[in-house]
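Peer 1: Supplied in structure tokens, the structure appears directly below.
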Amino acid sequence: GFDDLHTCADPGAPEHGYKTPSAGVFFESVVVRFHCQEGYRLNGTSKKLCVRHFNGSLSWKPSDKPVCLQEVTDCLVPHVEDAEVHNKTYRTGDKLIISCHEGFQIRYPDLDNMVSICQDDGTWDNLPICQGCLRPLTLPHSYINISEFESSFPVGTVVYYQCFPGYKLEGAEFLECMYNLIWSDSPPRCLDVEVCPLPPMVSHGDYICHPRPCERYNHGTVVEFYCDPGYTLTNDYKYITCQYGEWFPSYQVYCVKTEQTWPNTQETLLTTWKIVAFTATSVLLVLLLVILARMFQTKFKTHFLPRGNQEGSMGDPDFVVVDGVPVMLPSYDEAISSGLNALAPGYSATTDQGHILQTEDQNPPAYPGPRITDMLPSEFDTCNSRSGSSELLQSLYPSPVCPETALPHSDRTDGSHSTAGEASSTSPRIDIAD
């Protein structure tokens with residue numbers, strides 16, 4: 001027999017096919033051809049060549065074994081993720097028509113040929129995919145709010161990053177899938193939280209932390225120092241920051257007692273003048289208000305109160321005390337009215353002159369209070385009963401029964417008589433004996 005050094009092994013025939021030559025010895029440079037039965041088509045190489053290698057052995061080239069497949073006229077409807085295929089039947093040469101779901105965009109493997117065609121063998125050429133943003137990276141000690149089985153995300157998807165306890169997020173907390181199928185930012189990192197020790201204590205002072213409350217002095221915590229009343233910091237810098245487990249800057253903060261300082265003389269004078277000016281202005285304003293109120297009150301009384309009330313409001317009626325007996329003095333109007341009513345028949349009024357002329361006698365005018373006529377002595381009065389009366393009444397009304405108490409008639413009438421035609425005085429007159 002022949003070995004591998006002189007001949008090639010029989011390549012065999014494909015199922016539902018045959019080869020030529022169908023049998024024999026296959027020496028170097030022999031060519032074998034493959035064929036399929038009717039209704040089948042060959043898939044793979046159609047011929048093989050027996051060649052010698054460097055070690056002297058012989059073998060077939062190419063080494064792949066062809067197969068015979070049943071011929072088909074239609075392409076199967078492809079499955080494209082996140083897409084809708086519009087037609088259900090595709091024949092050889094037909095173009096695939098699909099539409100991607102909202103937020104996804106169609107992508108072809110061959111960017112120069114944006115079409116997929118049904119091939120003769122029932123396969124699709126350049127089959128597209130509907131693509132969104134690729135799954136973002138999840139860095140150590142972090143997790144996101146999306147399923148671990150999702151690999152593509154539509155436009156508008158928002159991913160929320162969080163860190164495990166004991167770690168602090170550094171970077172963007174939210175990422176959004178943009179229209180160009182790229183995330184809006186890089187994934188954040190979760191850093192190990194390094195806690196600082198307690199801040200240094202300050203005599204006559206204390207501190208507050210930002211942000212509040214300070215349960216742990218984590219990386220980035222800021223402490224602000226302040227002093228008690230009467231004390232002040234030795235320098236203007238009053239903040240320290242926790243950075244990677246240490247306070248920075250690391251100097252000690254001190255509060256020292258504030259020195260007593262006298263106020264500036266010029267500032268004191270300005271303050272004093274301000275107080276004086278304010279006080280004077282306030283006093284003037286109050287006085288002005290009082291004056292305006294008084295003027296308004298006077299004007300109100302003048303316009304709205306009756307005339308009698310205005311005259312009566314000027315004060316209580318005047319009176320005089322004669323020998324311990326008060327005598328009320330009438331007003332001007334009352335004196336005129338009483339004088340006219342008490343005129344004797346011997347008086348006559350001259351309308352041309354506008355005043356009353358006195359002819360023979362004139363009695364004193366009447367006064368308010370008890371009428372004098374009621375006080376005249378009656379025929380039953382005696383000198384003893386009238387002894388308690390005042391000298392004024394005795395002088396005004398002399399009694400013939402008691403001549404010793406009457407005044408001379410000439411003394412009473414001398415002052416009352418005047419030349420005929422002259423105006424008579426209407427003012428009351430009272431003669432009081434010394």
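The values are calculated or read from the model by the stated rules, or taken from the named source; none is laboratory data. All values reported here derive from a predicted model rather than from experimental measurement. Glycine gets a Cβ as well: all are built from the backbone with ideal geometry, and neighbour counts include every protein chain shown.
Peer 1: Are any residues in the range 167-183 assigned to a loop (DSSP other than H, G, I, E, B) and under 30 Å from R216 (Cα atoms), and if so, which ones? First the steps, then the outcome.
Peer 2: From the range 167-183, those assigned to a loop (DSSP other than H, G, I, E, B) are 171-173, 178-182; that's our starting set.
Matches in the range 167-183: G171, A172, E173.
Okay, residues lined up against (1) modelled with pLDDT under 90; (2) in the same structural domain as C242 (by TED's automatic domain parsing):
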{"site": "L181", "(1), (2)": "no, no"}
{"site": "D185", "(1), (2)": "no, no"}
{"site": "P200", "(1), (2)": "yes, no"}
{"site": "R216", "(1), (2)": "yes, yes"}
{"site": "H219", "(1), (2)": "yes, yes"}
{"site": "F225", "(1), (2)": "no, yes"}
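Peer 1: From the list D120, D206, D125, which one is touching a Ser or Thr at 6+ places or on another chain (Cβ under 8 Å), modelled with pLDDT of 85 or more and acidic (D, E)?
Peer 2: Numbers: D120 fails: modelled with pLDDT of 85 or more; D206 fails: touching a Ser or Thr at 6+ places or on another chain (Cβ under 8 Å).
Within the list D120, D206, D125, the selection yields D125.
Peer 1: What is the residue count in the range 1-37 for residues that are farther than 28 Å from N55 by Cβ, modelled with pLDDT of 90 or more and of a type outside the set (A, V, I, L, M, F, W, C)?
Peer 2: Residues flagged as farther than 28 Å from N55 by Cβ, modelled with pLDDT of 90 or more and of a type outside the set (A, V, I, L, M, F, W, C) within the range 1-37 amount to 8.
Peer 1: Oh, and also: Give me the pairs, please: first residue somewhere in the range 225-237 and over 8 Å from H204 (Cβ atoms), second residue anywhere and of a type in the set (F, W, Y) and in a loop (DSSP other than H, G, I, E, B), beta-carbon distance under 8 Å, and either six or more positions apart or on two chains.
Peer 2: The qualifying pairs are L233/Y254; T234/Y254.
Peer 1: Among strands (runs of 3 or more DSSP E) lying entirely in the range 189-253, which contain 2 or more residues that are under 30 Å from L139 (Cβ atoms)?
Peer 2: Numbers: elements: 189-192, 205-210, 222-227, 231-233, 239-243, 246-248.
By residue number, 189-192, 205-210, 239-243, 246-248.
Peer 1: Would you check if Y251 is surrounded by 13 or more Cβ atoms within 10 Å (Cβ to Cβ), free of Cβ contacts under 8 Å to residues at least 40 places away in the same chain and outside the structural domain of A172 (by TED's automatic domain parsing)?
Peer 2: So Y251 does not fit the description; no.
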